[in-house]
Protein chains: 2
Amino acid sequence: MKQFTVVIVDDHTLLSQAIQAMVNTFNKFVVLYTCKNGQELVDKFSHQENIPNIVLMDINMPIMNGVETTEWISKNHSKVNVLALSVEDEEFTILKMLKAGVAGYLLKDTEKDVLEKALIEIAENGFYHTKSVTTILMNSLSGNEVKEIDITDKERQFLKLSCTELTYKEIADQMCLSPKTIDNYRNSLFCKLNVKNRVGMVTYAIKNKIYTL
Amino acid sequence: MKQFTVVIVDDHTLLSQAIQAMVNTFNKFVVLYTCKNGQELVDKFSHQENIPNIVLMDINMPIMNGVETTEWISKNHSKVNVLALSVEDEEFTILKMLKAGVAGYLLKDTEKDVLEKALIEIAENGFYHTKSVTTILMNSLSGNEVKEIDITDKERQFLKLSCTELTYKEIADQMCLSPKTIDNYRNSLFCKLNVKNRVGMVTYAIKNKIYTL
DNA sequence: TATTTTTAAGGGGAAAACCCCTTTTTTAGT
DNA sequence: ACTAAAAAAGGGGTTTTCCCCTTAAAAATA
């Protein structure tokens, strides 16, 4: 019987080993190897190591995250299907992964059986999506797009500093700008991010991983 | 050969099932059942279900978290050893768990062999601690204590609302208090949390999981 | 019972944040 | 070469935040 090959990418060794053991109990699948981050996967793929049929991908990883890695796989190894495995259920994260080209998106609180089912579907049809993920995809296509907010480099830099206890005056000094220019960035960010005050900026930046605590 | 019993507490079903499968491969251990959160464990323990020798505990859980659950176990079932399994490596979180009475603290990026070793040590001696965790414990005992900040209920409530885009005036209305009273809470929190402004309060609250994004 | 802590509220003032507006230069896209 | 967007700076004003300091009742603790 033909077996499908799987590679697991997750920075938490214990979890990837545990998932590996679990996937190996599915008789249609076999795990080739595991990677601690996206960079490791890129290295292995580039050196013509065994290319798997499916990649089981975590999203929050250091060095090279799940979104970047999935984009790279879609470009360079389009035959490889990516199944995202994440704790995050936020719309914009899921949408990012869908755009990057994942074949499926599972939350880490799904059942063992669902994982097996998803792997089988992906191996056979190239994709598996739950109702909730499909709904998000629909909304996105029907124009209700979760708008990708584009902030400029300077705005981003200012936004990060706004998450510290510095006053705008001190931020101006650090960025070698007039407090009035800083006021412009503050104002444009309020509009772009749709927030009312500095607290809104801070929570936005943390939520969207622009600033890390 | 005598086997030790294990219960796993983790809100991510897939992970707890995977860890369960892994622990079951250790021939000295057997998993009795899993719980999605602390409340579920308290329910089962209270209804005189099988009480295990060891509890494998995640920290970030909804409803009842790892710290609260460990404290409850220490009080009501002191014979049960708790092995914490977390992604967090922040000092104050580890110290909180140590104070709550864990027998061990492992990061989720440890090896399978280390988990088995830790379980064996705990089963035999009642505790297992890595060098890094021991160092934190030492610093704590030698007076360099990571000070436990005690905020009152009202301060906590105000702190949470400060993380939203409400003005202090609006927070005062919501809490049915004079803006001047709110000003008192703000001021006392600035001192207690050692912050300079509202941004400092917000980042503190998020860091310490008083406010969830 | 006495003491400390918490909760509640106020007066007054300085600093920072917020919100309009306009202008100029530089940079990037069609 | 033209247009749009981004970067930089200022004028002038309101609101909010921040920081003292004082008083007093209620609640927890010794």
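Output the number of residues of the range A:66-88 satisfying the condition of being within 14 Å of chain B (Cβ to nearest Cβ), open to solvent by 10 Å² or more (accessible area, probe 1.4 Å) and in contact (Cβ under 8 Å) with a residue 40 or more places away in the chain. Steps first, please.
Restricting attention to the range A:66-88, the residues satisfying the condition of being within 14 Å of chain B (Cβ to nearest Cβ) are A:83-88.
Okay, now just the ones that are also open to solvent by 10 Å² or more (accessible area, probe 1.4 Å), so A:85, A:87-88.
Now restrict to residues that are in contact (Cβ under 8 Å) with a residue 40 or more places away in the chain: A:85.
Total satisfying the criteria: 1.
One residue is enough: does the range A:54-65 have a residue meeting the conditions modelled with pLDDT of 90 or more and of a type in the set (Val, Ile, Thr)?
Looking for residues that are modelled with pLDDT of 90 or more and of a type in the set (Val, Ile, Thr), one finds at least one in the range A:54-65, hence yes.
Just to be sure before I move on: is A:Phe158 away from DNA strand D (no atom under 12 Å from the Cβ), of a type in the set (Phe, Trp, Tyr) and surrounded by 13 or more Cβ atoms within 10 Å (Cβ to Cβ) in the structure I sent?
No.
Can you spot a residue in the range B:33-50 that is in contact with a His (Cβ under 9 Å, 6 or more places away or on another chain), open to solvent by less than 30 Å² (accessible area, probe 1.4 Å) and hydrophobic (A, V, I, L, M, F, W, C)?
Yes, the conditions are met somewhere in the range B:33-50.
Test each condition in (1) surrounded by 14 or more Cβ atoms within 10 Å (Cβ to Cβ); (2) more than 11 Å from DNA strand D (Cβ to nearest atom) for B:Ala172 and report the one that comes out false.
Here B:Ala172 meets the rest and fails (2).
So which pairs qualify, if the first residue must be in the range B:186-213 and away from DNA strand D (no atom under 15 Å from the Cβ), the second must be open to solvent by less than 20 Å² (accessible area, probe 1.4 Å) and not in a helix (DSSP H, G or I), the Cβ gap must be under 6 Å, and the two must be at least 6 apart or on different chains?
Pairs that qualify, where the first residue is away from DNA strand D (no atom under 15 Å from the Cβ) and the partner is open to solvent by less than 20 Å² (accessible area, probe 1.4 Å) and not in a helix (DSSP H, G or I), are B:Tyr211/B:Cys163.
How many residues does the range B:169-213 hold that are assigned to a loop (DSSP other than H, G, I, E, B) and among the aromatic types (Phe, Trp, Tyr)?
Counting residues in the range B:169-213 that are assigned to a loop (DSSP other than H, G, I, E, B) and among the aromatic types (Phe, Trp, Tyr) gives 1.
Working only within the range B:151-172, note down all residues that are within 11 Å of DNA strand C (Cβ to nearest atom) and either charged (D, E, K, R) or under 23 Å from A:Ile171 (Cα atoms) (or both).
Passing the criteria: B:Asp153, B:Lys154, B:Glu155, B:Arg156, B:Glu165, B:Thr167.
B:Ile63 is checked against (1) assigned to a loop (DSSP other than H, G, I, E, B); (2) more than 14 Å from chain A (Cβ to nearest Cβ); (3) β-branched (Val, Ile, Thr) and fails just one. What number does that condition carry?
Only one criterion is unmet by B:Ile63, namely (2).
The values are calculated or read from the model by the stated rules, or taken from the named source; none is laboratory data. Here the structure is a predicted model, which means the values were calculated and not measured. Please note: Cβ atoms are built from the backbone with ideal geometry, for glycine as well, and neighbour counts cover all protein chains shown. Ligands, DNA and RNA are excluded from the accessible area calculation, which covers all protein heavy atoms including side chains. Shrake-Rupley method; radii C 1.70, N 1.55, O 1.52, S 1.80 Å.
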